[in-house]
Structure formats: C-alpha cells, structure tokens
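Just so you know, all these numbers are worked out from the coordinates, no wet-lab data involved. Quantities reported herein were computed from a predicted structural model and do not represent experimental measurements. Neighbour counts run over all protein chains shown; Cβ positions are idealised from the backbone, glycine included.
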Amino acid sequence: MTALIWASGRGHTEVVDHLLEAGANPDAADKYGTTALVWACRKGHLGTCKSLLEKHANVDTASSRGWTPLIMAAKGGYTEVVDCLLEREPHINVTDQEGNSALAWSAKHGHEEIVQRLLARGAYFNLPDKEGETVLISAARDGHLEVVRTLLSKYADVEAADVDRKTALFHAVEKGHVLIVKELLDAGANTETPNKVCFLPPAKEFKMATLCLRNTHFTYLKKFTVRVNE
C-alpha cells in the first residue's frame with residue numbers, strides 16, 4: 001500500500017493533494033488491486049475523490065473482487081460521491097465478482113436516491129447476479145419499499161426468479177413485507193408461480209397459505225387461492 005492509498009482511505013485530502021503534487025501515481029493499487037480512488041469512494045471521502053479525479057485517476061479501475069469506485073460509493077450510500085463519479089461518465093453497468101452492479105448494491109441497501117440517479121443514466125435493472133437475483137428481488141426481500149416502487153415505475157420484471165425460482169413476491173411474502181407485497185400484486189405479480197421451496201400445483205397450494213399464517217401476515221393471505229383436494 002502506498003502513502004497515497006493510505007491517506008485516501010482515511011480522507012486526508014490535504015495530504016493527498018501534497019502527494020499528488022509531488023508526483024504520486026493516482027492509479028497505484030494495493031495487493032488486492034484496490035486503488036486510492038476505490039478506497040476513497042468506499043469510505044465516502046468526497047474531497048479526496050475530487051482531488052484524485054482532478055489528477056485523472058481512472059474512474060473504472062476495479063479491485064480483484066470487481067469493486068469499482070462507483071460500486072463502492074453506491075454500496076455505501078454516498079450520494080455526493082456518486083454524483084461526482086457520474087460526471088466522469090463511468091461504466092455504470094459493470095459488475096463485481098458476484099454479478100452485482102452499482103445499481104444492485106444501492107438497491108440492496110435501500111439507497112433510493114442513488115437508485116434514481118443510476119436509472120436516469122441507463123443502469124440495467126433486470127440484470128441478474130450469480131444467484132439469479134434481479135435488483136427488484138433484492139429490494140423486495142430486504143424491505144426497501146421506495147426502491148421497489150421506483151423499479152416498478154420503470155417496469156422491472158416482476159416475474160423474474162432467482163436460482164431457487166423465488167420471485168420478488170415470494171421473497172416479500174417470506175419476510176412479511178406487507179406493503180411491498182401489495183405493490184407487487186398491484187403490478188401484476190403472479191401468486192401461482194412455483195419454486196423449489198414451495199411448489200404450488202392445486203394439491204399443494206395450501207403451502208403458500210401456511211407460510212402466510214406462520215408469519216401471521218393475515219392482511220394479504222386473502223390474496224392467495226387455497227384449494228384442498230377432496
């Protein structure tokens with residue numbers, strides 16, 4: 001790790017400025033491929049990010065785990081840092097080793113303002129990660145209502161399913177996110193979609209009802225059809 005990387009990760013902007021003026025390489029990386037800019041974005045140090053970018057630090061350089069400055073800023077919820085990076089026109093849809101983009105990370109953590117900014121720049125919202133999760137599935141599972149609403153307003157695919165064939169609706173049901181369930185149902189989500197955990201042919205539709213009852217989500221239990229074999 002160079003002195004510039006150390007100072008950048010701790011937000012010592014004046015020190016960073018002196019090092020850069022002395023000729024420090026703004027794109028030098030540590031043993032994990034993490035540059036000073038990635039470190040600064042990871043910690044939300046706006047002033048340091050600006051200094052590095054003014055010295056033409058590469059806005060798209062990724063660490064060994066695929067973490068770019070934009071992914072780190074979006075993940076941390078640092079809206080001003082994201083805005084600063086977007087001015088440099090980074091590759092918005094690049095993903096890390098797990099298949100998560102900046103949009104995916106901001107949605108997972110409920111950073112709705114950042115989600116809006118990335119969508120406005122053309123971020124892909126139906127792109128699945130390595131587990132098959134789309135941005136909508138992640139937001140619905142983790143209970144981020146406003147993010148879900150934003151994605152649905154962009155016509156995100158409500159029937160997309162992960163590797164376990166669980167849709168956004170099923171994840172919301174599992175977690176008891178009633179308002180999100182309502183939003184998904186209003187958007188036309190299919191209540192009969194089967195998955196590996198809870199298969200829903202006619203003879204077994206009671207399983208979905210059992211899941212609702214176990215979590216005491218009575219307000220939307222009536223939304224599901226329950227049919228028992230005679």
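Here are a few things to note about the model shown:
- Amide hydrogen proximity for residue 195: with H placed 1.01 Å from N in the peptide plane, the residues at 5 or more positions away or on another chain lying under 5 Å are 200.
- Once the Cα-Cα distance is subtracted from the 0.36 nm per residue extended length, the residue 113 to residue 93 segment shows a gain of 5.5 nm.
- The stretch 61-123, relative contact order in percent, only Cα pairs under 8 angstrom and at least six apart counted: 34 percent
- Highest-first packing order for the peptide set 71-81, 93-103, 19-29, 156-166 is 71-81, 93-103, 156-166, 19-29, based on the mean count of other beta carbon atoms within 10 Å.
- For the stretch 1-119: rounded, prolate or oblate by the Cα gyration tensor [a/c cutoff 1.5]: prolate
- Three-way shape label, the stretch 58-110, alpha-carbon gyration tensor, a/c 1.5: oblate
- Rough spin-label spacing in nm, given labels placed 7 Å along Cα→Cβ, for residue 31 and residue 146: 4.2 nm
- In nm, spacing of pseudo-spin labels at residue 192 and residue 6 (7 Å Cα→C-beta vector): 6.5 nm
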